[in-house]
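First up is the structure itself, then whatever we jot down about it.
The values are calculated or read from the model by the stated rules, or taken from the named source; none is laboratory data. As the structure is a prediction and not an experimental result, all values here were calculated from the model. Quick reminder, even Gly has a Cβ in these numbers, built from the backbone with ideal geometry, and neighbours come from all protein chains shown. Protein only, heavy atoms only, side chains kept; ligands, DNA and RNA dropped before computing areas. Shrake-Rupley method; radii C 1.70, N 1.55, O 1.52, S 1.80 Å.
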Amino acid sequence: MKIIAGIVLILFLGVIGGVVIVTTGVFNVSAMYEDPAAIHWVIDNVRHYSIKRRAETVIVPDLDGREIIASGASAYSDMCAGCHGAPGKNPFVGAGDMNPPPPSLAELVTSREPGELFWAIKNGIRMTGMPAWGKTHSDEEIWQLVGFVEQLPSLSAAEYGMMLSEAAQDGHTHDHEGDETGHLTSEDDHHQHGGRNH
């Protein structure tokens, strides 16, 4: 009986503590605040294993086709390069000041399975600034992105530029114009983040 009473007391104190944290403003929401290393470890591992678990049932298609990668390069340039950078191009000013900052995908992709990349791109990640692209893009378009992202570790700036040129010539451009769907126009897209082009 004492054990049950102890558990109830701990739960009660936990609820009270949670209410105090929420209502007193003691929790610092500033993006300039650096969490302790232990908090970073917890958040990183929760995110990693959450994605890993949900990606287990994802069926990965063939991603080696040249057209898939070319279309993915165009989409990456429009959707991802601003925050994550691209071969020969730095992220927009301010990306590194986000908390947490967007990772370098050229480094991240080496330790992630294609299904995990697909899940993260499609569903987004809470409290990181990573949007859920699955709300506005088809699975096919997201797989094209994954196919391209997997090329990043070995891709030079010149090769990246050639891919974008080929995509434009072959009609594999990623078009964000279309106000009726709620997408940004190309002009508006280039004026995000303080007026700097991505």
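Please go through the range 105-149 and pick out each residue that is among the small types (Gly, Ala, Ser), out of contact with any Pro (no Cβ under 9 Å at 6 or more places or on another chain) and surrounded by fewer than 16 Cβ atoms within 10 Å (Cβ to Cβ). Ser111, Ala132, Ser138 - these are the residues of the range 105-149 that are among the small types (Gly, Ala, Ser), out of contact with any Pro (no Cβ under 9 Å at 6 or more places or on another chain) and surrounded by fewer than 16 Cβ atoms within 10 Å (Cβ to Cβ). Each residue in the range 124-144 was checked for being in a helix (DSSP H, G or I) and free of Cβ contacts under 8 Å to residues at least 60 places away in the same chain, and 6 of them qualify. For the range 58-69, residues that are loosely packed, with under 11 Cβ neighbours inside 10 Å and modelled with pLDDT under 95 total 2.
What about Arg47, is it out of contact with any strand residue (DSSP E or B) (no Cβ under 6 Å at 6 or more places or on another chain), touching a residue at least 24 places away in the same chain (Cβ under 8 Å), basic (Lys, Arg) and in a helix (DSSP H, G or I)?
Numbers: out of contact with any strand residue (DSSP E or B) (no Cβ under 6 Å at 6 or more places or on another chain): yes; touching a residue at least 24 places away in the same chain (Cβ under 8 Å): yes; basic (Lys, Arg): yes; in a helix (DSSP H, G or I): yes.
Judged against the criteria, Arg47 is a match.
Checked against (1) farther than 17 Å from Pro103 by Cα; (2) open to solvent by 90 Å² or more (accessible area, probe 1.4 Å), Trp41 passes all but a single condition, namely (1).
Within the range 85-95, is even one residue within 19 Å of the chain's Cα centre (by Cα) and in a helix (DSSP H, G or I)? Yes, that holds for at least one residue.
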